[in-house]
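A.B. asks: One structure follows; several queries about it will come next.
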Amino acid sequence: MVITSVFSVGSHRLASVPCSRPGQRTRPRVRAALVEARPKAMPVPRDTNLVLGGNRTEDLQAEARAMARAANASIYSPELLAIKYGSRPIKVLQRTLAILVALGSFALKLLLDQRNGVFDQNKRMRAVELRRIFTRLGPTFVKLGQGLSTRPDICPTEYLEELSELQDALPTFPDAEAFSCIEKELGLPLDSIFSSISPSPIAAASLGQVYKAQLKYSGQIVAVKVQRPGIEEAIGLDFYLIRGIGTFINKYVDIITSDVVALIDEFARRVYQELNYVQEGQNARRFRKLYADKEDILVPDIYWDYTSGKVLTMEWVDGVKLNEQDAIERQGLKVLDLVNTGIQCSLRQLLEYGYFHADPHPGNLLATPEGKLAFLDFGMMSETPEEARFAIIGHVVHMVNRDYEAMARDYYALDFLSRDVDVSPIVPALQNFFDDALNYTVSELNFKTLVDGLGAVFYQYPFNVPAYYALILRSLTVLEGLALYADPNFKVLAASYPYFAKRLLTDPNPYLRDALIELLFKDGRFRWNRLENLLVEGRKDRDFSAKDALQPILQLLLAPDGEELRTLVIKEAVRITEAVVLGTIIDSYNSIPSVMRALIFNGNVTGPLAINDMEIQSMLELRDKISRIWGLLRSSEDFDPALLQPILQVLQQPEARSIGGRVIGGITQRLAARLLQQVLRPPTTISTSLS
């Protein structure tokens, strides 16, 4: 079914109706309301390069007016909630009883399972029960369950999977209340804003519902999101009570090592931000500015003059939910192409700019008829700290190298563990999991297998997984799940590898330069096959640049503190030059008829240099790898001989001249040693060939 909703939960086509509602009593209106409600600022065009200064100024002014309308939006404050509900004992008691009956009976079942020795056996059944309980308890607990579904340090795998199935399935509230809310929030009658609006919502969720409308001033089709009446009161009371439960868990439940109250406070702040629709509009604008520069990404724009704290008016997007694969294919689109677009955009969100969509379920991703991937619903966003972005890439390198001690130390930089925690007990757990999982290459590893394995480790040890990391795992798991419907062999890590390769090869950040060295060098020997693989994969990323790949490596090599690396590179440069020179000699030698070889080389039919067959094969393989790597660089779309000019300039530096002299000296010594070996060895008359 084709979905034409800009928001995420269930939608269907409805005929729009005029904004005047039959039978409705007309209220007195001020004179200004009788004219058409024209905005004072047009939405910013998609191509921000075309925005004129005046338009940009007007748009900022319109946003400021929307912010003024949302000035009284509530923010989460545990202290204020305690004061507010401390004076309402009856209301608190009623809700407390409802929650305690539901959760108390569940806790009793867990206790009985523990006593009867069937705790692990019944995990899946209890997880299903908890999902149903959260659904019955309403929107706060639905949101809470969705949040817990991203916390592998708190919940076992069975609970993570079941809670991730929670949906905002609340009934709609009366349309009259929604239309009244629009008029109250915007200060205008409905028929001066819209020429038509759908008679009932086309989507409903826990916090609000969405109507399809047509703006009167321009005819533009828009989505109008209206907040559910009383939702702020209900959520405030629930978080007040949930926080009390969290305090109890912190004191008496030893099996959970995380600070539950801190997690509840963090999550509550995010939910309260969702209640401020101006904040959601600003989130959408920021997301669009960062990521909609790619032609295959679409982010709807905001109409600030028709937006307030409880009403959000956005550009309408026609499209199909990403999990409706038959409908996507009927439009001539490929699901895997769209999923790959989502993966690349997610990696940019998580690891490049650090600002990402924190609720990436299939309903928030639409495939447009033009083949673009539209991101929707920006109420819940998150950010990856800059240090963590680089640490995640380094963590992947350590995983590829199977350096489990380094992986364990990464959890300090990722803020999973305080630095006073000893990570040595974690190393065997990581090794046991990855040695079993990495039977092949990392890129062939199923991402959900990786998430489940890490989740088991996080659950056993005193990890406090930051929300951003849990959401990263969830985001990529959702995308892999969508892809597996179309291709059971799809691997999200394989699809991510080009991005990681590009970042490692081109990013000048010192942390990533060190990670690249760790990846390419082992025991003082350069692993050319890994560089070749990085170039092959990096070229698959459309933003890969050969120029960007060469310059950071050169600068790192010539840095004042790069002597250790220079020594390794000089050693490798000697090997390369020797392989190229001797490979050429070997090719020339093999082109000479065998009868002539003994005559020319005075009976030494193995040639002018003392080289055994194993050395010959190794040198020819190295020479061929270098040739392929150079070919990969030359075939890069942006390759231009002019990009070698900066390299030549760098080579004029004193450090570079010193390296050149040391390389030449090393080559001379190697070739002289081989010639000396040949002179001293006795001639042989065995009729063999080097080929």
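A.B. asks: With r defined as the distance between the Cβ atoms of Asn432 and Asp120 and R0 fixed at 25 Å, what FRET efficiency is calculated, to the nearest 0.05?
C.D. replies: Calculated transfer efficiency: 0.85.
A.B. asks: Ok, one more. Given a Förster radius of 30 Å and the C-beta distance between Thr247 and Val128 as r, what FRET efficiency does 1/(1 + (r/R0)^6) yield to the nearest 0.05? Mind dumping the intermediate values first?
C.D. replies: Values: r = 28 Å, r/R0 = 0.92.
It comes to 0.60.
A.B. asks: Same structure, new question: What residues qualify as long-range amide H neighbours of Asp301, i.e. H under 5 Å apart, gap of 5 or more or another chain, H built at 1.01 Å from N?
C.D. replies: Amide H to amide H, under 5 Å and 5 or more residues apart or across chains, Asp301 pairs with Glu315.
A.B. asks: Another one. Which order do peptides 303-312, 519-528, 346-355 fall in by mean Cβ count within 10 Å, highest first? Show your work: numbers first, answer last.
C.D. replies: Numbers: 303-312: 26.3, 519-528: 14.6, 346-355: 20.7.
My ranking of the peptides, most packed first, is 303-312, 346-355, 519-528.
A.B. asks: Still on this structure, I have one more. Starting from the Cα-Cα distance between Ser627 and Ser87, subtract it from 0.36 nm times their residue separation and give me the gain in nm to one decimal. Please list the in-between numbers first.
C.D. replies: Values: separation 540, 0.36 × 540 = 194.40 nm, distance 7.83 nm.
Working it through step by step, the gained length comes to 186.6 nm.
A.B. asks: State, to one decimal in nm, how far the label point of Lys184 lies from the label point of Arg419, with both points 7 Å from Cα in the Cβ direction.
C.D. replies: Result: 5.2 nm between the two label points.
A.B. asks: GluC sites (Glu not before Pro), restricted to the range 153-221: which are DSSP loop and have at most 14 other Cβ atoms within 10 Å?
C.D. replies: Listed in order of number, the matching sites are Glu165.
A.B. asks: List the chymotrypsin sites (Phe, Trp or Tyr not before Pro) within the range 177-227 that fall in a DSSP loop (any state other than H, G, I, E or B) and whose Cβ has at most 16 other Cβ atoms within 10 Å.
C.D. replies: Details: sites: Phe179, Phe194, Tyr211, Tyr217; in loops: Tyr217.
Qualifying residues, ordered by number: Tyr217.
A.B. asks: Take peptides 86-92, 197-203 and line them up by average Cβ neighbours within 10 Å, highest first, as a rough protection proxy.
C.D. replies: 197-203, 86-92
A.B. asks: How much FRET efficiency would the formula 1/(1 + (r/R0)^6) give for Asn509 and Ile256, where r is the Cβ-Cβ distance and R0 is 35 Å, rounded to 0.05?
C.D. replies: After rounding, the FRET efficiency stands at 0.45.
Computed from the coordinates by the stated procedures, all read-outs in this text should not be read as laboratory data. It should be emphasised that the depicted structure is a prediction, and the values quoted were computed from it without experimental measurement. Note that each Cβ is placed from the backbone with ideal geometry, even for glycine, and that neighbours are counted across all protein chains shown.
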